[in-house]
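Asks: What follows is a single structure, and I will ask about it in a moment.
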Amino acid sequence: MTAVDGISFEIDRGEIVGIVGESGSGKTMTALSLLRLIPEPGRITGGRILYGEKDIAQMTDEEIREFRGNEVAMIFQDPMTSLNPVLRVGFQVEEAMAAHARFTRQQSRDRVLPMLQRVRIPAAKERVRDYPHQFSGGMRQRAMIAMGVSNEPSLLIADEPTTALDVTVQASIIELLRDLSRELRASVILITHNMALVASLCNRVIVMYAGRIVEEGPTRAIFKNPQHPYTWSLLRSMPRVDEVEKERLISIKGLPPDLGRMPPGCKFHPRCKFKVDRCLTEEPPLGEVDPGQLARCWVLMKNIQNPEAEAQR
Amino acid sequence: MRGTLLYIGQRLVLIAITTVLVSSIVFVLLHQIPGNAFLNETRTSPESLAADLRHYGLDKPLGTQYVNWVSGVLHGNLGESLVNRGVMITPLLVREASVSATVGFFALLVTVGLGLILGVIAALRQNTWADYVASSAAVVGYSVPSFVIGIFFLLIFGHYFFEWTQGTVFYNVGWGDWTQIPVPAIALGLPYASYVARLTRASMLETIRTDYVRTAWAKGLKARIVVLRHALRNALIPVVTILGPLITGIITGSVVIENIFGIPGLGKEFVTSILARDYNIVIGVFTFYAALVGLANLTVDVIYPALDPRIRY
Ligand SMILES: Nc1ncnc2c1ncn2[C@@H]1O[C@H](COP(=O)(O)OP(=O)(O)OP(=O)(O)O)[C@@H](O)[C@H]1O
Ligand code: SF4
Ligand SMILES: [Mg+2]
């Protein structure tokens, strides 16, 4: 079974890209495969995972180890379970730096406190030696972020970094992520269900469905001028500003396809109102529908001069 | 720190109470058994019997005997051997307890060391031949009681080794030489090692799938550090909880093993004194065992918070 297939996107230095899509659409899998951390019994079958010039799938164990947390760092969804309960928070940050050649052992030690201060942990000095259970959820996520940015990675992946947190601290965590990415000139991939968050934070948006990118483009374009039928429904299901804010309000008629019983043709066709015959048999390629905006849909392809050339992408 | 000391103090008081209580029960029960150490075929005159009874205070009412005995125990005096007049029980048992403790300590090393190594290997190589070998060995080891292993070892090391090596390498039963430690220690520790291995395997399989171990990989830590510092450290916590009952098991097991291997420890004394109806020593051995089990469990409970910072006294 293929959970994630043929994902390819560009991200500029310092840019924040949002990945959205229903549960199970493969957002986390995409992020984890960038670090070659697919959980058992998952495997990377065939093909390449390219990050810049580097093929992650071909790296030796030592190369991938040096790559993880150093060039690409990841922040996970649940800060309550993502920190080791038996090690001091400060030590866990130090260890992230000590693992890589960028800083010496002494530098790693000296940088712990500044890092915790930088992620705005109150009274950081007193709390370096605390254990995770002595931290609140928000503070734990800050510690995770400190760990993530401690090696000044070029890319930071945040997988639903605020979903597990209290609404009151969500905004400050997001603000922190934005500020840090600016200061460190690091790119950020923000995986989220929260379209409002995407609208306010991301430069570009990637919409995923059934392990594929179905639409991609600048945030403005995606929100003002969504092309793919799935993106439409995604935006329509977005909570309005005047409603009480809830993260997982996305609900679209029908269910996302089961991995084992992936429909032929366009993976969205069982739920699509606009399907044509071709949708049932042939999967559409990702084609440019507007300058800088790509979508995977046959109906939209009609407007494109040369769909075959686009299909090469 | 002060909390810990207070806790230890409280526990020591409880251990003292339990010890006196356990030996009181033994005291009362033993006095219900008809006959005594002086009643045997060699004794002829009722006068000398009366003299013996007077010497040991056995002519006094049971209540008075009990009060005298308890006040003796509280002063660390377990009285005098009934069979060998003039032999004081406390120094005798202290000497024997140190022998038992030596065997027990090495048995514990075998138990924990072997158990952890096998458990970790089985977990890391889950569902490979290494796992199957380790797991089956654990089942066999667990189902064979230590006295069977003891006799088996005696046969191999005491007899066959002698023949195979034409008398150069062999194990001689008894005590006094360090080379006499490993064989009984392994026989005593092996069944419990299987138990530790099974528990470690299950516990490791759980921790290597946790979010914080995924975080550790994502940080780019070396595999050795992820396994030992992050997975094993946490996997040890449930293993330590069974250390208490385990030590109790080793203490009971030592009664059999010491008799098989002719080791002059508490366990051997226990059987000898019962057969000789030297009830003063029997009560003394029980008193020692009660205190030992209590102290062993206390030691485990004191180690526990060092392993899991979420626990504090
Ligand atoms: N441990 C696993 N074992 C087997 N399949 C898995 C596992 N984790 C995820 N999958 C499958 O891989 C696909 C992609 O899942 P993924 O976790 O990437 O989705 P997601 O978009 O991150 O969803 P969510 O929004 O719920 O986090 C899903 O169909 C899921 O069923
Ligand atoms: S390709 Fe067809 S089924 Fe798929 S989204 Fe477009 S119109 Fe709908
Ligand atoms: Mg996810």
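The values are calculated or read from the model by the stated rules, or taken from the named source; none is laboratory data. Keep in mind it's a predicted model, so treat the numbers as computed, not measured. Positions of Cβ are generated from backbone atoms using ideal geometry, with glycine treated the same way; all protein chains shown enter the neighbour counts. Note: areas computed on protein heavy atoms with side chains; ligands, DNA, RNA excluded. Shrake-Rupley method; radii C 1.70, N 1.55, O 1.52, S 1.80 Å.
Residues checked against (1) loosely packed, with under 14 Cβ neighbours inside 10 Å; (2) assigned to a helix (DSSP H, G or I); (3) within 16 Å of ligand 2 (Cβ to nearest atom); (4) of a type in the set (Phe, Trp, Tyr):
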| residue | (1), (2), (3), (4) |
| --- | --- |
| A:GLY18 | no, no, no, no |
| A:GLU22 | no, no, yes, no |
| A:THR28 | no, yes, no, no |
| A:ALA31 | no, yes, no, no |
| A:ARG36 | no, no, no, no |
| A:ARG48 | yes, no, no, no |
| A:GLU62 | yes, yes, no, no |
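Asks: Looking at the range B:231-268 only, could you name the residues that are open to solvent by 10 Å² or more (accessible area, probe 1.4 Å), part of a loop (DSSP other than H, G, I, E, B) and under 30 Å from B:ILE156 (Cα atoms)?
Replies: Passing the criteria: B:GLY262, B:PRO264.
Asks: Still on this model: Quick one: what pairs do we get from the range A:72-83, first residue of a type in the set (Gly, Ala, Ser), second more than 14 Å from ligand 1 (Cβ to nearest atom), C-beta under 7 Å, 6+ apart or different chains?
Replies: As it stands, the answer is A:ALA73/A:GLY148; A:ALA73/A:VAL149; A:ALA73/A:ASN151; A:ALA73/A:PRO153; A:ALA73/A:LEU156; A:SER82/A:MET144; A:SER82/B:TYR212; A:SER82/B:THR215, since those pairs meet every condition given.
Asks: Now, a different point. Which count do you get for residues in the range A:156-175 that are more than 14 Å from chain B (Cβ to nearest Cβ), over 13 Å from A:ILE16 (Cα atoms) and touching a residue at least 12 places away in the same chain (Cβ under 8 Å)? Break it down stepwise before answering.
Replies: Pass one, the range A:156-175, residues more than 14 Å from chain B (Cβ to nearest Cβ): A:162, A:165-175.
Pick out the ones that are also over 13 Å from A:ILE16 (Cα atoms) and you get A:162, A:165-173.
Narrowing further to those that are touching a residue at least 12 places away in the same chain (Cβ under 8 Å): A:162, A:165-167, A:169, A:172-173.
Matching residues across the range A:156-175 total 7.
Asks: Just checking: which of the helices (runs of 4 or more DSSP H) contained wholly in the range B:158-223 hold 3 or more residues that are in contact (Cβ under 8 Å) with a residue 24 or more places away in the chain and open to solvent by 50 Å² or more (accessible area, probe 1.4 Å)? Break it down into steps so the answer makes sense when it comes.
Replies: Numbers: elements: B:161-164, B:182-207, B:211-218.
It comes to B:182-207.
Asks: Continuing with the same structure: For A:PRO153, which of the numbered conditions (1) more than 23 Å from A:LEU201 (Cα to Cα); (2) modelled with pLDDT under 95; (3) more than 9 Å from chain B (Cβ to nearest Cβ); (4) open to solvent by less than 30 Å² (accessible area, probe 1.4 Å) fails to hold?
Replies: The failed condition is (1).
Asks: Of all the residues that make up the range B:269-278, how many are under 13 Å from B:GLY79 (Cβ atoms) and either surrounded by fewer than 20 Cβ atoms within 10 Å (Cβ to Cβ) or touching a His at 6+ places or on another chain (Cβ under 6 Å) (or both)? Break it down into steps so the answer makes sense when it comes.
Replies: Kept after step one, since they are under 13 Å from B:GLY79 (Cβ atoms), are these residues of the range B:269-278: B:273, B:278.
Imposing the further condition that a residue be either surrounded by fewer than 20 Cβ atoms within 10 Å (Cβ to Cβ) or touching a His at 6+ places or on another chain (Cβ under 6 Å) (or both) reduces the set to none.
Counting residues in the range B:269-278 that are under 13 Å from B:GLY79 (Cβ atoms) and either surrounded by fewer than 20 Cβ atoms within 10 Å (Cβ to Cβ) or touching a His at 6+ places or on another chain (Cβ under 6 Å) (or both) gives 0.
Asks: B:GLN126 passes all but one of (1) open to solvent by less than 30 Å² (accessible area, probe 1.4 Å); (2) not in a helix (DSSP H, G or I); which number fails?
Replies: (1)
Asks: For the range A:64-86, how many residues meet the condition of being closer than 18 Å to A:GLY137 by Cβ and either part of a loop (DSSP other than H, G, I, E, B) or β-branched (Val, Ile, Thr) (or both)?
Replies: 8
Asks: Give the residue that is surrounded by the fewest Cβ atoms within 10 Å (Cβ to Cβ), with candidates limited to residues of the range A:88-112 that are within 9 Å of chain B (Cβ to nearest Cβ), within 27 Å of the chain's Cα centre (by Cα) and part of a loop (DSSP other than H, G, I, E, B).
Replies: The extreme case among them is A:HIS100.
Asks: Does A:ARG140 satisfy the criteria of being surrounded by fewer than 24 Cβ atoms within 10 Å (Cβ to Cβ), within 14 Å of chain B (Cβ to nearest Cβ) and within 20 Å of the chain's Cα centre (by Cα)?
Replies: Working: surrounded by fewer than 24 Cβ atoms within 10 Å (Cβ to Cβ): yes; within 14 Å of chain B (Cβ to nearest Cβ): yes; within 20 Å of the chain's Cα centre (by Cα): yes.
It is true that A:ARG140 is surrounded by fewer than 24 Cβ atoms within 10 Å (Cβ to Cβ), within 14 Å of chain B (Cβ to nearest Cβ) and within 20 Å of the chain's Cα centre (by Cα).
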